[in-house]
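**Q** Right, I'll just put the structure down here and ask away after.
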Amino acid sequence: MLTDVRQVFPPIENGILKAVVVIRFPEDIFYGIKDKRIIDVMQSLPREAFVPDNLKTSAYVDGALPIGFDQTISQPSLVAYMTQLLELTGKEKVLEIGTGSGYQTAILAKLADRVYTIEIVKELHEKSKQTLESLGIINVEYKLGSGYDGWEEYAPFDRIMVTAAPPQIPPKLIEQLKENGRMVVPVGPQNQTQILKLIVKTRDGIIEKDTHYVRFVPMVE
């Protein structure tokens, strides 16, 4: 874990204790990230709160970590990149498919107006809600169920973030994306290389852009 000396010895000027910026990740994790808000949010969130006890010492390594139930918490650099693709301004209603540990959920909640997150594994659904509430993150709605169905009750959404890989883009997610909305989704077969796609919904149809090769756990029904 990277420890910044400023966490241990906060600076004092003219007898006043200055505000301390906590540095949790090394800067190279954020290579190519132009939205400073993403960096600030990720540096402020304790990633160790989202990983199992036996992996807390690896919380700030740039790698995916298992969280049980054949699921993982994604590597921080990829989380930052996917979040940047959404182009959040703070006013959006975001649908997240695959709550998992709740780490990506927390980042979205800090950068958007409200997050609607769906998790199919009951234990992760309950644990992530508990973790986020313990961190004071309250602008999140939680649902236990299949991400393939989206969340029609609250549609349409300004942004959709998918953190597990379906073999094809689920049609209901396209339907629930608002015009001019953006969706980030890894697409491809299980246990093979997948393609991270950026989907933009326009009045004339869908613009689909392949961005990176990735490997995610499969999106299950």
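**Q** Please give the number of the condition residue 188 fails out of (1) under 21 Å from residue 71 (Cα atoms); (2) buried (at least 22 other Cβ atoms within 10 Å of the Cβ).
**A** Checking residue 188 against (1) under 21 Å from residue 71 (Cα atoms); (2) buried (at least 22 other Cβ atoms within 10 Å of the Cβ), the one that fails is (2).
**Q** Within segment 44-60, which residues are more than 20 Å from residue 161 (Cβ to Cβ) and either of a type in the set (Lys, Arg) or free of Cβ contacts under 8 Å to residues at least 60 places away in the same chain (or both)?
**A** 48, 52, 53, 54, 55, 56, 57, 58, 59, 60 - these are the residues of segment 44-60 that are more than 20 Å from residue 161 (Cβ to Cβ) and either of a type in the set (Lys, Arg) or free of Cβ contacts under 8 Å to residues at least 60 places away in the same chain (or both).
**Q** Report the residue count in segment 192-205 for those that are closer than 19 Å to residue 147 by Cβ and without any contact (Cβ under 8 Å) to a residue 60 or more places away in the chain.
**A** Matching residues across segment 192-205 total 5.
**Q** So is residue 132 among the hydrophobic types (A, V, I, L, M, F, W, C), farther than 19 Å from residue 92 by Cβ, assigned to a helix (DSSP H, G or I) and without any contact (Cβ under 8 Å) to a residue 60 or more places away in the chain or not?
**A** Values: among the hydrophobic types (A, V, I, L, M, F, W, C): yes; farther than 19 Å from residue 92 by Cβ: no; assigned to a helix (DSSP H, G or I): yes; without any contact (Cβ under 8 Å) to a residue 60 or more places away in the chain: yes.
It is false that residue 132 is among the hydrophobic types (A, V, I, L, M, F, W, C), farther than 19 Å from residue 92 by Cβ, assigned to a helix (DSSP H, G or I) and without any contact (Cβ under 8 Å) to a residue 60 or more places away in the chain.
**Q** In contact with a Pro (Cβ under 7 Å, 6 or more places away or on another chain), more than 17 Å from residue 87 (Cβ to Cβ) and small (Gly, Ala, Ser): is that true of residue 164 in this structure?
**A** Against the criterion (in contact with a Pro (Cβ under 7 Å, 6 or more places away or on another chain), more than 17 Å from residue 87 (Cβ to Cβ) and small (Gly, Ala, Ser)), residue 164 qualifies.
**Q** Still on this structure, please answer the following. Please specify each residue of segment 37-84 satisfying the condition of being among the aromatic types (Phe, Trp, Tyr) and closer than 16 Å to residue 100 by Cα. Reasoning before the result, please.
**A** First pass over segment 37-84, keeping only residues among the aromatic types (Phe, Trp, Tyr): 50, 60, 69, 81.
If the condition is that a residue be among the aromatic types (Phe, Trp, Tyr) and closer than 16 Å to residue 100 by Cα, then 50, 69 are the ones that fit.
**Q** While we're here: Could you please let me know if residue 143 is in a loop (DSSP other than H, G, I, E, B) and either of a type in the set (Phe, Trp, Tyr) or within 18 Å of residue 176 (Cα to Cα) (or both)? Show your work before the answer.
**A** Values: in a loop (DSSP other than H, G, I, E, B): no; either of a type in the set (Phe, Trp, Tyr) or within 18 Å of residue 176 (Cα to Cα) (or both): yes.
The answer is no for residue 143.
**Q** Restricted to segment 31-64, and to residues that are of a type in the set (Ser, Thr, Tyr) and assigned to a helix (DSSP H, G or I), which residue is surrounded by the fewest Cβ atoms within 10 Å (Cβ to Cβ)?
**A** 57
**Q** Right, something else. From 73, 33, grab the single residue that is touching a Leu at 6+ places or on another chain (Cβ under 8 Å) and either within 30 Å of residue 176 (Cα to Cα) or at pLDDT 95 or above (or both).
**A** From the options 73, 33, the qualifying one is 73.
The values are calculated or read from the model by the stated rules, or taken from the named source; none is laboratory data. Bear in mind the structure is a predicted one, so any value in this text is a computation, not a measurement. Counting neighbours? That spans all protein chains shown, and the Cβs are built from the backbone with ideal geometry, glycine included.
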